[in-house]
1. Which residue is surrounded by the most Cβ atoms within 10 Å (Cβ to Cβ), if the candidates are limited to the range A:269-290 and must be touching a residue at least 40 places away in the same chain (Cβ under 8 Å) and of a type in the set (A, V, I, L, M)?
2. Does B:ASN261 meet the test of being touching a His at 6+ places or on another chain (Cβ under 8 Å) and either facing chain A (nearest Cβ under 9 Å) or closer than 25 Å to A:SER233 by Cα (or both)?
3. If I ask for residues that are within 23 Å of A:LYS232 (Cβ to Cβ) and touching a helix residue (DSSP H, G or I) at 6+ places or on another chain (Cβ under 8 Å), which ones from the range B:226-258 would you list?
4. How about the range B:337-352: which of its residues are free of Cβ contacts under 8 Å to residues at least 40 places away in the same chain and open to solvent by 30 Å² or more (accessible area, probe 1.4 Å)?
5. From the list B:LEU253, B:LEU249, which one is within 8 Å of chain A (Cβ to nearest Cβ) and open to solvent by 20 Å² or more (accessible area, probe 1.4 Å)?
6. Do any helices (runs of 4 or more DSSP H) entirely within the range B:403-478 hold 2 or more residues that are charged (D, E, K, R) and open to solvent by 50 Å² or more (accessible area, probe 1.4 Å), and if so, which?
7. Hey, can you tell me all the residues within the range B:196-225 that are within 14 Å of chain A (Cβ to nearest Cβ) and on the phi > 0 side of the Ramachandran plot?
8. May I ask you to verify whether B:ASP293 is on the phi > 0 side of the Ramachandran plot and either more than 8 Å from chain A (Cβ to nearest Cβ) or open to solvent by 10 Å² or more (accessible area, probe 1.4 Å) (or both)?
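The values are calculated or read from the model by the stated rules, or taken from the named source; none is laboratory data. These figures come from a predicted structure and were not determined experimentally. Methodologically, a virtual Cβ is constructed for each residue, glycine included, from the backbone with ideal geometry; neighbour enumeration extends over all protein chains shown. We work out accessible area using only protein heavy atoms, side chains counted, and drop any ligands, DNA or RNA first. Shrake-Rupley method; radii C 1.70, N 1.55, O 1.52, S 1.80 Å.
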Amino acid sequence: MYKILDARSVGLNIKQFVIEAPRIARKHQPGQFIILRIHDKGERIPLTIKSSDPQAGTVTIVVQAIGKTTSLLNCLETGDSILDIVGPLGKPSEIENYGTAVILAGSVGTAMALPTAYALKKAGNHVVFIEGSRNKEMVVFEDEVRSSSSETYVMTDDGSYGEQGLVTKKLDELIAAGRKIDFVLAVGPVPMMRAVARITAPLGIKTMVSLNSIMVDGTGMCGGCRVLMGDKSQFACVDGPEFDASKVNFEVLMQRNAMYREKECASLKQFQERWEEQVAELREELAAKESHHV
Amino acid sequence: MSEKNSLPLKERMKILRIHMPEADPAVRSRNFEEVNQGLPEADALTEASRCIECAKPGCVVDCPVGVKVKEVIALICAGDFLAAAAKLREDNSLPAITGRVCPQENQCEGGCIVGKKGQPVAIGNLERFIADYERLSGKLGLPANAPATCKSVAIVGSGPAGLSAAGDLIQKGHRVRVFEALHELGGVLVYGIPEFRLPKSIVRGEVDNLRRMGVEFETNVVVGKSVTLDELMNEEHYDAVFVATGAGLPVFLGVPGEHFNGVYSANEFLTRVNLMRAYQMEEYDEPVYDCRDRDVIVVGGGNTAMDAVRTSRRLGARSATLVYRRSDAEMPARAEEVKHAREEGIEFRMLTNPVEFIGDEKGWLTGARCVRMELGEPDASGRRRPVEVKGSEFVLPANVAIIGVGTTANPLIQSTTPDLATNKWNYIVADENSMRTSKRGVFAGGDIVTGGATVILAMGAGRKAAASIHEFLTAGEW
């Protein structure tokens with residue numbers, strides 16, 4: 001059982017949790033993730049680590065409510081517990097002094113990109129952070145984004161905050177203005193990452209993308225998260241999650257991520273119909289386990 | 001005391017092997033309940049009386065953990081089932097499991113002298129009978145632990161190798177903590193082997209026994225990621241570590257189309273269904289592609305492939321077909337699994353090899369382009385090498401294709417432990433007898449050393465490692 005020490009809403013349907021997980025906190029490096037399971041009948045889902053505090057033994061994760069599991073998770077509050085968390089998983093980001101590093105992150109992807117941004121800045125890079133969201137309500141961690149970067153742009157699809165447009169619009173502008181870009185990291189929805197790759201690949205700019213494949217164990221055992229890199233298969237959980245964007249087959253990634261869409265939609269609908277009951281059941285299950293532990 | 005025990009040898013030889021009752025294939029192929037029903041007591045006594053108590057019991061020699069089969073059977077004949085269970089536990093800490101999943105035909109029963117002329121004594125069934133008898137009696141003959149040695153051992157992996165090592169080491173008085181990457185204990189016993197062959201309650205029961213004996217367990221720890229071997233030894237002060245992480249990474253065929261939706265590794269398919277209980281889809285959240293009224297093919301000829309194909313049948317597959325590139329004779333699966341699979345309506349396409357997966361425009365699998373094979377000269381494994389028959393291509397319709405052709409070494413521990421020697425396939429190098437690795441205090445055994453093998457071989461490795469670790473902890477010499 002992993003105690004939630006702090007839970008707070010940070011944007012529309014986006015919640016941040018500070019969780020007691022000393023082993024993970026001690027080992028976490030930028031770019032890595034965790035897998036969690038909320039209850040005995042729950043699925044295992046991979047989630048971003050936004051930061052960790054080895055002294056306090058805590059990790060901070062950020063969750064956008066999209067499907068049933070993330071929606072249920074976001075009903076949890078300070079003082080609740082999470083049944084299982086394992087990590088840190090995946091390879092850390094490769095941190096070097098590239099020169100100018102541009103980070104493009106879409107809404108909740110911002111959380112995953114933040115530790116890498118800080119590390120790149122610390123390594124001496126001029127970090128340009130382009131944060132994008134659908135609208136003002138979904139702009140998250142703006143202060144931290146600014147402090148992790150040397151140059152910051154906030155974009156919204158509807159123009160309700162910052163500049164109107166997609167993150168790639170800003171990237172195009174920087175390139176058109178003749179800015180020398182040595183490294184790009186894109187974290188966000190697959191179409192966004194694909195769009196970034198399409199811009200930077202022809203220019204030969206080293207670009208990494210953090211892939212969100214469907215996973216089960218996260219240790220390389222099942223191969224469900226395999227991504228097609230050129231004609232080679234790699235596992236996002238152990239070989240990634242960051243990959244060279246110019247080699248990623250994004251169409252296959254999107255197709256594979258849609259594999260359980262039908263079931264996901266049905267589960268979400270069923271959850272929304274009786275979410276209060278399900279949250280109560282979850283709390284009961286966790287409380288029973290807690291007392292069993294003591 | 002059974003009367004049959006006093007039967008003269010010749011009479012005993014006349015008794016036919018008792019068949020274990022099994023669930024009706026038509027019913028069981030639609031549910032996940034255990035297929036084998038276990039021997040009733042009277043049948044177990046009769047079966048035990050078939051043992052001729054030979055002078056040189058081949059059954060003991062051919063058991064990877066050296067169970068004293070002859071003595072165990074004598075105790076069954078005497079009607080003292082609990083004593084038989086205790087005798088069994090001296091060499092095998094997981095009898096309810098091995099009684100169900102061991103390939104007995106190649107081991108104890110393969111060495112049984114009664115089998116030279118007729119059918120061997122059903123040693124596996126008897127083992128299962130007494131393990132189940134003991135469990136249901138509630139009178140567990142757990143051996144006592146030696147006085148505490150103040151030494152501690154970390155075991156990495158809670159599969160058969162790790163659990164059997166834990167059972168032996170705790171008895172020697174050492175502190176033992178088992179680290180497991182998944183949220184549930186048992187390794188391949190819970191994520192790989194299906195409920196209908198090995199109920200998870202049996203595995204939980206054995207784990208609980210170890211807990212009662214004092215073994216500590218910690219789940220959700222990926223050694224190599226959450227903590228390294230060096231940290232376990234230097235910061236958490238374990239005196240020895242046993243690496244028993246299993247084989248790990250699934251092997252795919254490397255043919256075009258393996259990314260279509262519907263293509264699974266057997267590891268993924270079985271993990272979703274077994275560990276995550278996707279077969280109870282109304283209650284559990286983890287999904288698996290709906291096999292109902294669809295065509296499923298499984299590629300491979302081992303126990304894992306057999307488990308996958310029988311699982312797909314139970315999930316409602318319209319057709320469930322095993323595709324294997326060699327012939328029946330070369331299939332490494334247990335004979336009983338093959339028999340059960342046939343009874344359940346599994347189709348066997350031998351000498352067939354997929355060369356490409358094909359799908360629709362949305363990326364869903366529709367079939368496998370296959371070629372027919374014929375057997376040529378023997379290869380390195382001693383089995384006749386399958387060779388493609390020119391011009392034999394055909395398409396096998398499939399909505400789900402499951403690849404169960406083996407695994408390779410998981411690199412997580414090796415890559416974070418530079419002084420741990422590995423071979424060219426990245427398996428950990430360990431001495432065959434002492435199970436010592438190149439790193440002081442670190443031992444390794446099971447699939448992570450040998451490559452994919454069986455539960456009992458992993459248990460044998462675990463026992464060997466436990467003995468060797470005990471020796472190291474006692475003598476302190478490397």
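1. The selected residue is A:LEU282.
2. Values: touching a His at 6+ places or on another chain (Cβ under 8 Å): no; either facing chain A (nearest Cβ under 9 Å) or closer than 25 Å to A:SER233 by Cα (or both): yes.
Considered against the rule, which asks whether it is touching a His at 6+ places or on another chain (Cβ under 8 Å) and either facing chain A (nearest Cβ under 9 Å) or closer than 25 Å to A:SER233 by Cα (or both), B:ASN261 comes out as no.
3. In the first step, residues of the range B:226-258 are kept if they are within 23 Å of A:LYS232 (Cβ to Cβ); the result is B:247-258.
The answer is B:ALA247, B:GLY248, B:PRO250.
4. Those that are free of Cβ contacts under 8 Å to residues at least 40 places away in the same chain and open to solvent by 30 Å² or more (accessible area, probe 1.4 Å): B:LYS339, B:ARG342, B:GLU347, B:PHE348, B:MET350, B:LEU351.
5. Testing whether each residue is within 8 Å of chain A (Cβ to nearest Cβ) and open to solvent by 20 Å² or more (accessible area, probe 1.4 Å) leaves just B:LEU249.
6. Numbers: elements: B:412-415, B:447-450, B:455-475.
Per the criteria, B:455-475.
7. Hits for the range B:196-225 are B:ASN220, B:GLY224.
8. Working: on the phi > 0 side of the Ramachandran plot: yes; either more than 8 Å from chain A (Cβ to nearest Cβ) or open to solvent by 10 Å² or more (accessible area, probe 1.4 Å) (or both): yes.
When the stated conditions are applied, B:ASP293 passes them.
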